[in-house]
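Data block below; observations after.
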Amino acid sequence: MYAIPLGEDGAELRPLEPWQAEEFLAHMDRGREFIGRHIALADAVADLESARAFLQGYADKAAADTGRIHGIWTDGKLVGGVLFRTMDVEQRTAEAGCWLEPSAVGKGLVTRATRVIIDWAVEERGIHRVEWWAAAANEASIAVARRLGMTRDGVLREGRLHRGKRHDMEIWSVLAPEWRAVRRPA
């Protein structure tokens, strides 16, 4: 398995695979309340069977070239992840997302990891448009979109049901030419 360094602090980005379900579940248990405030992942991964099924779903997506999932490790411990929830190579679009447990917040890990996967999607897979969907109340996720140089496309008013309540969803995006322009060394 490969690991991509995310900086001098030793953080790494690695594929997250079904055989890591136990570690994934332990991570989710550490951050369940925090992660679940804005995304359904915390509810979807409730036990070892559901953790394995979730990761297998992404293994299947990777095999079909319709999605990817990577974990973020610090000091050998899984603390979060980034993913392409959807990826349509024919239409050249993808939706990126993320999550972190509380111990990993405020270190720039999601921004650094998302840069890696967007670079890969644009340069290796020919993706033209990468979207970022965030609950309007999820200020940290919206800040990541801004740091990545994304543009706010709009708001889907009450666009997602989460834990029995409707939430406005902000849609952000970056197009391949824009991404290349901001990633180009000065």
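Among the residues of the range 44-76, write down those that are surrounded by fewer than 20 Cβ atoms within 10 Å (Cβ to Cβ), under 13 Å from R14 (Cβ atoms) and free of Cβ contacts under 8 Å to residues at least 40 places away in the same chain.
Of everything in the range 44-76, just one residue is surrounded by fewer than 20 Cβ atoms within 10 Å (Cβ to Cβ), under 13 Å from R14 (Cβ atoms) and free of Cβ contacts under 8 Å to residues at least 40 places away in the same chain, namely G76.
Take the range 113-131 and flag every residue that is assigned to a strand (DSSP E or B) and open to solvent by less than 30 Å² (accessible area, probe 1.4 Å).
Across the range 113-131, the qualifying residue is only V130.
Could you tell me which of the residues P5, P15 is at pLDDT below 95 and not aliphatic (A, V, I, L, M)?
P5
Are there any pairs, at least 6 apart or on different chains, whose C-beta atoms fall under 8 Å, with the first in the range 1-15 and of a type in the set (D, E, K, R) and the second open to solvent by 60 Å² or more (accessible area, probe 1.4 Å) and assigned to a loop (DSSP other than H, G, I, E, B), and if so, which?
From the range 1-15, the pairs are D9/K107; R14/M1; R14/Y2.
Looking for whichever is closer than 14 Å to V174 by Cα, touching a Ser or Thr at 6+ places or on another chain (Cβ under 9 Å) and polar (S, T, N, Q) here; the options are T93, T114, T86. Which one fits?
T93
Answer with yes or no whether G159 is surrounded by fewer than 17 Cβ atoms within 10 Å (Cβ to Cβ) and either assigned to a strand (DSSP E or B) or in contact (Cβ under 8 Å) with a residue 40 or more places away in the chain (or both).
Considered against the rule, which asks whether it is surrounded by fewer than 17 Cβ atoms within 10 Å (Cβ to Cβ) and either assigned to a strand (DSSP E or B) or in contact (Cβ under 8 Å) with a residue 40 or more places away in the chain (or both), G159 comes out as yes.
Which one of these is more than 16 Å from G31 (Cβ to Cβ) and touching a Pro at 6+ places or on another chain (Cβ under 6 Å): Q91, Q56?
Result: Q56 is the single residue among Q91, Q56 that is more than 16 Å from G31 (Cβ to Cβ) and touching a Pro at 6+ places or on another chain (Cβ under 6 Å).
Please go through the range 68-82 and give me each residue that is under 13 Å from Y58 (Cα atoms) and small (G, A, S), ordered by number. Write out each step before concluding.
Going through the range 68-82, the residues under 13 Å from Y58 (Cα atoms) turn out to be 68-71, 81-82.
The answer is G71, G81.
Which one of these is in a strand (DSSP E or B), of a type in the set (F, W, Y) and at pLDDT 95 or above: W99, W179?
W99
Collect the residues in the range 2-25 that are surrounded by 15 or more Cβ atoms within 10 Å (Cβ to Cβ) and closer than 19 Å to S103 by Cβ, keeping them in residue-number order.
Residues satisfying the conditions are L6, A11, E12, L13, R14, L16, Q20, E23, F24, L25.
So which residues in the range 77-93 are open to solvent by less than 10 Å² (accessible area, probe 1.4 Å) and within 11 Å of the chain's Cα centre (by Cα), if there are any at all?
G80, G81, V82, F84
If V110 passes every condition in (1) within 23 Å of V182 (Cα to Cα); (2) out of contact with any Gly (no Cβ under 8 Å at 6 or more places or on another chain); (3) crowded, with 18+ Cβ neighbours inside 10 Å; (4) β-branched (V, I, T) but one, which one does it miss?
Going through the list (1) within 23 Å of V182 (Cα to Cα); (2) out of contact with any Gly (no Cβ under 8 Å at 6 or more places or on another chain); (3) crowded, with 18+ Cβ neighbours inside 10 Å; (4) β-branched (V, I, T), V110 breaks only (2).
Check Q91 against each of (1) touching a strand residue (DSSP E or B) at 6+ places or on another chain (Cβ under 9 Å); (2) of a type in the set (S, T, N, Q); (3) under 26 Å from P18 (Cβ atoms) and name the one condition it does not meet.
(3)
The values are calculated or read from the model by the stated rules, or taken from the named source; none is laboratory data. Only a predicted model underlies this, so the values are computations on that prediction, with no experimental measurement involved. So basically every Cβ, Gly included, is an ideal-geometry build from the backbone, and we count neighbours across all protein chains shown. All accessible areas refer to the heavy atoms of the entire protein, side chains included, with ligands and DNA or RNA removed. Shrake-Rupley method; radii C 1.70, N 1.55, O 1.52, S 1.80 Å.
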